[in-house]
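Read through the structure below, which is laid out as structure tokens, and then see the notes.
The values are calculated or read from the model by the stated rules, or taken from the named source; none is laboratory data. Please read these numbers as outputs of a predicted model, since none were measured by experiment. Ideal geometry is used to build each Cβ from the backbone, glycine not excepted, and the neighbour counts take in all protein chains shown. We work out accessible area using only protein heavy atoms, side chains counted, and drop any ligands, DNA or RNA first. Shrake-Rupley method; radii C 1.70, N 1.55, O 1.52, S 1.80 Å.
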Amino acid sequence: MQGLLLRLSTLDSDAESAVRVIAYFDSLLRDHVSVPVLMAATARLAQCPVGLLDAATGRRTRTSPRGTVDTPAAAPEQVRELSSGLGAVWMEREGPPHGLDDIVLERYAAAAEVTLERAAALARSGRDPALVELVLSAETGEAERARALRLLGFAPSTPLQALAIALPGEEPASGLRAMGHQVRATTIGDTEAVLVATTLPAGARAGTHSEPAQAGGGQRSPAGSWPGIGPRPAGGIEPQLPEGARVGIGPEVPGERVAESWAGARTALRFTGPHDRVMRWSELGALALFADLPEQAIAALDDVRAVARLGEDAVAAVRALCLAGSVRGAATALHLHHSSMAARIARAEAVLGFSLADPAGRLRAHLALALTRLHANSAPEARTS
């Protein structure tokens, strides 16, 4: 329907044109468009800038026919107030008004009311997941994200972290809520997306595994733990991750930039594995750059192919050596005699084709292990957005 309508400047001020304008906005509402999309569509139809004041956030937004968005210092004197105190809308036409401006503004106001009320109804009915997805999307406009954050109970300046959780067997957010954290969660593809408004405890364990956790390019974390993002609250509990679940933790950012944290969490998730079930974006360092490599390029690397030929015990031995820096330290971590560990390392070196006795070799192996995890998590479900 929208594609069949002509620009407003080509329409005459007659009943047929008015009906077409009404049909245009009706089609937008049937498509459940967001506020930014509604504003852009109205500006394209009217061929002049249009604005909206969202009373819930106090923000003013203006969109031009070309799709550029800005924040005007003040609304013009002539505005159309929305019902229920939702805010106001306006048009900024230079020169003489068009004969259909009144009906366009009227239908724009009605559509804005419905669109804003739909978002509020989501929060009132407890359907937070849709709002969480809106907040995390990089395509969401600044004003719409601020409104969605407020409907979720967050101010745009609230420090937030996004968590990307793969293979959840239960609702991980429930454990965080039990610790008193203000959280919101939804499922995006095969990944559980969790917004956390407070820092997570350093000692919250991920299952019962006792293997040392490898931190991608950074400091090691306690075995299987959620790496320390802040102090453990007094009397807090330690939620268990579902068996087999993996977690990527994004950086802490103001709520208005939480889409960046979600992108970091999804990247960190790609570097997790059976022995590295929790990974923080802040611990990836330069490893994060490898996330942009094509999957085929990673799979073609000789070191990655060599790691794929190692058995599980050999991979564990190489990983422990990279973390500990010595055969004795690796043996202690895996509860093995140092001679047994030395034999495993020797067999691994024969497959890898290089020595692990010096820091350069261990760095090479560490990178190969990280890229192997990255390649393993390159399936479509691991790239959900």
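Compactness of region 23-145 is given as radius of gyration and Dmax, 14.0, 46 Å, from Cα positions.
Between E142 and I103, the modelled labels are 3.6 nm apart [label points 7 Å from Cα along Cα→Cβ]. Over region 275-327, accessible surface divided per residue gives 48 Å², non-protein components excluded, 1.4 Å probe.
Ranking of S34, S282, S339 by solvent-accessible surface, largest first: S282, S339, S34 (1.4 Å probe, protein heavy atoms only, all chains present). Remark: the Q296-L29 segment gains 91.9 nm on full extension, using 0.36 nm per residue and subtracting the alpha carbon distance. When the P(r) is computed for region 338-382, the part past 16 Å accounts for 49% of the Cα-Cα pairs. With the charge dipole of region 271-379 set up from +1 on Lys and Arg Cβ and -1 on Asp and Glu Cβ about the Cα centre, the Cα lying farthest toward the positive end among the listed residues A360, P294, A316 is that of A316.
Of interest is the spacing of the C-alpha centroids, which for region 324-357 and region 17-94 amounts to 65 Å. Using only the Cα atoms of region 273-350, build the gyration tensor, take square roots of its eigenvalues as a ≥ b ≥ c, and label the shape rounded, prolate or oblate: rounded if a/c is under 1.5, else prolate if a/b is larger than b/c, else oblate. Oblate shape, in that a/c is at least 1.5 and b/c is the bigger or equal ratio. Between S339 and E243, the contour length at 0.36 nm per residue exceeds the alpha carbon distance by 31.3 nm. Applying D = kT/(6 pi eta Rh) to region 255-302, where Rh is the Kirkwood radius over alpha-carbon pairs, T corresponds to 25 °C and eta to 0.890 mPa s, the Stokes-Einstein value obtained is 206 µm²/s. The fraction of accessible area contributed by carbon and sulfur in region 267-385 is 58 percent, rounded to a whole number (1.4 Å probe; ligands and nucleic acids excluded).
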